[in-house]
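*Asks:* Next up is a structure, given as structure tokens.
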Amino acid sequence: MRITNTQQSGDIPRRCQSEHFGALVTQTSRLIRRAMDARVSAEVTPELTGVRGMLLGEIIRANREDRDIYQRDVEQWLQIRRSSVTALLQTMEQDGFITRCSVEKDARLKRLNATPKGVAFHERIHATIERFERDLQQGIAPEQQAAARAVLEQVITNAQELTIAAAKLPPAEQPAPKG
């Protein structure tokens, strides 16, 4: 597919990216996620994506520190809905990377634990993600990296505040049906 003046990879029109900062951030995020998924799949195993690999690393770290980690922790860390986290964890469990065990104090809670298979893949995943991060930042001066990080952290703060403010607004009125 040839990219035209009004398009870039991912089919977001350039005008939208140049006028809307959020569109540029979304496009960047999507491209980084795809590239990381491809790298992890090629270098580690097709059963994992970059996000699953990072999550597995967090679970292993919590297990080694004797810290409990639950689905709600993953929801907060990844900032995604419960149903998405459930699907993510189910896939990781079916593929043999983690187990979910009931907790005595509250049967509704399921503690996440890495399996021996998950632990065995951990070092390869970690090394792959480290190389990916290094390659991603290639050609960007440390000062530019620090500035970009500061800007993105502020964007995250602003987006969180906007989300909270929007939740306090009354629901928008729906237009009356025609006809």
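*Asks:* Out of all the residues in the range 95-105, which are over 20 Å from the mean Cα position of the chain (by Cα) and farther than 16 Å from residue 82 by Cβ? Don't jump to the end; show me each part of the working.
*Replies:* Of the range 95-105, the ones over 20 Å from the mean Cα position of the chain (by Cα) are 96, 99-105.
Answer for the range 95-105, where residues must be over 20 Å from the mean Cα position of the chain (by Cα) and farther than 16 Å from residue 82 by Cβ: 96, 99, 101, 102, 103, 104, 105.
*Asks:* Sticking with this one: Look at the range 41-50 and say how many of its residues are farther than 10 Å from residue 125 by Cβ and either at pLDDT below 90 or not hydrophobic (A, V, I, L, M, F, W, C) (or both). Let's see the steps before the verdict.
*Replies:* Taking the range 41-50 as the starting set, the residues that turn out to be farther than 10 Å from residue 125 by Cβ are 41-42, 46-47, 49.
This time we only want the ones that are either at pLDDT below 90 or not hydrophobic (A, V, I, L, M, F, W, C) (or both), so: 41, 46-47, 49.
Number of matching residues: 4.
*Asks:* Which of the numbered conditions does residue 37 fail, given that it passes all the others? Conditions: (1) of a type in the set (D, E, K, R); (2) open to solvent by 50 Å² or more (accessible area, probe 1.4 Å); (3) touching a helix residue (DSSP H, G or I) at 6+ places or on another chain (Cβ under 9 Å).
*Replies:* (2)
*Asks:* A follow-up question, please. Tell me which helices (runs of 4 or more DSSP H) are completely within the range 79-179 and hold 2 or more residues being open to solvent by 80 Å² or more (accessible area, probe 1.4 Å) and farther than 29 Å from residue 63 by Cβ, or say none if there are none. Let's see the steps before the verdict.
*Replies:* Values: elements: 82-94, 116-136, 142-168.
Output list reads 142-168.
The values are calculated or read from the model by the stated rules, or taken from the named source; none is laboratory data. Owing to the predicted nature of the structure, the values given are computational and were not obtained by experimental measurement. Methodologically, a virtual Cβ is constructed for each residue, glycine included, from the backbone with ideal geometry; neighbour enumeration extends over all protein chains shown. Side chains are part of the model used for accessible areas, which takes the heavy atoms of the whole protein and leaves out ligands, DNA and RNA. Shrake-Rupley method; radii C 1.70, N 1.55, O 1.52, S 1.80 Å.
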